[in-house]
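Data first, discussion second: the structure below is written as structure tokens.
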């Protein structure tokens, strides 16, 4: 009897999971595949959707049952509790789908910024290999062997080499990697090497041009970051100067006209030990976020 019950429960869970998997597959757009692979969340969209389906199913069931139980305990109205539980289950499912699309997009953008910052390392390694007169295909194989230094580029390198090892032409492998990578510079490089892989030719002029273009864009990013940092620091300096003046003015006003229930000591404590540290921490976080995009 116990074995039959467990088998029935397992079958129900399997059917529910399959239904959720098919539902998630139909809702999540195909464009998410590029984001999932490019962000290193998963090696394929199928694996990612299976994980999303499992989490979505558990969250939907738990959210619906928990809310229904709490409402029954609080209100005693079974019908309203079940209806509210159903609505919360639907909302939880939609929220899980929205997060399953937003998370890859956010990770994709974050990895793109990191790749852009590390591109000089990739370009210099590739230039050295191609300068030794080996072909482009062999150069990417050699780059994969340098993954200890180029670990951040493993998605693109592994994709290119895995495709070429199965007989896919290098030009097609480069196009596939260009569609996946979140780095605009790397996308431009792969598409530029595609024509060289098809027709032949010296890739060094392309790499030199890419490096010059990257340096020009990097200088623009540095100038923009310096401007943003200047604005943030000016705002913090202005706050640091105005805070003592405002506190002094409030002290004078509270001496002339005290406010019942709001002592000046409380405002002083909040300003010095709460507001000032929050402003300092916020300034440091924003400054670090700006500078981190420029690290090589």
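Annotations
- Any chance residue 188 is closer than 23 Å to residue 221 by Cα, in a helix (DSSP H, G or I) and within 22 Å of the chain's Cα centre (by Cα): yes
- Residue list for the range 134-153, restricted to those being without any contact (Cβ under 8 Å) to a residue 60 or more places away in the chain and in a helix (DSSP H, G or I): 138, 139, 140, 141, 142, 143, 144, 151, 152, 153
- Which listed residue is modelled with pLDDT of 85 or more and either surrounded by 14 or more Cβ atoms within 10 Å (Cβ to Cβ) or over 30 Å from residue 284 (Cα atoms) (or both), from 172, 212, 234: 172
- Comparison of 209, 213 shows that the only residue that is within 17 Å of residue 126 (Cβ to Cβ), in a helix (DSSP H, G or I) and touching a residue at least 24 places away in the same chain (Cβ under 8 Å) is 213.
- Failed item in (1) exposed (fewer than 14 other Cβ atoms within 10 Å of the Cβ); (2) over 18 Å from the mean Cα position of the chain (by Cα), with residue 130 passing the rest: (1)
- Out of 231, 196, 259, sole residue that is under 18 Å from residue 127 (Cβ atoms) and more than 24 Å from the chain's Cα centre (by Cα): 196
- Some residue of the range 80-100 being assigned by TED's automatic domain parsing to the domain that holds residue 56, touching a residue at least 60 places away in the same chain (Cβ under 8 Å), surrounded by 17 or more Cβ atoms within 10 Å (Cβ to Cβ) and assigned to a helix (DSSP H, G or I): yes
- For residue 284, the stated conditions do not hold, so it cannot be described as in contact with a helix residue (DSSP H, G or I) (Cβ under 9 Å, 6 or more places away or on another chain) and under 30 Å from residue 117 (Cβ atoms).
Here is a yes/no grid of residues against (1) surrounded by 15 or more Cβ atoms within 10 Å (Cβ to Cβ); (2) at pLDDT 80 or above; (3) out of contact with any strand residue (DSSP E or B) (no Cβ under 6 Å at 6 or more places or on another chain):
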{"position": "3", "(1), (2), (3)": "no, no, yes"}
{"position": "11", "(1), (2), (3)": "no, no, yes"}
{"position": "16", "(1), (2), (3)": "no, no, yes"}
{"position": "24", "(1), (2), (3)": "yes, yes, yes"}
{"position": "31", "(1), (2), (3)": "no, yes, yes"}
{"position": "35", "(1), (2), (3)": "yes, yes, yes"}
{"position": "41", "(1), (2), (3)": "yes, yes, yes"}
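The values are calculated or read from the model by the stated rules, or taken from the named source; none is laboratory data. A quick note: this is a predicted structure, and the numbers were derived from the prediction, not measured. All Cβ positions, glycine included, derive from the backbone under ideal geometry; neighbour counts span all protein chains shown.
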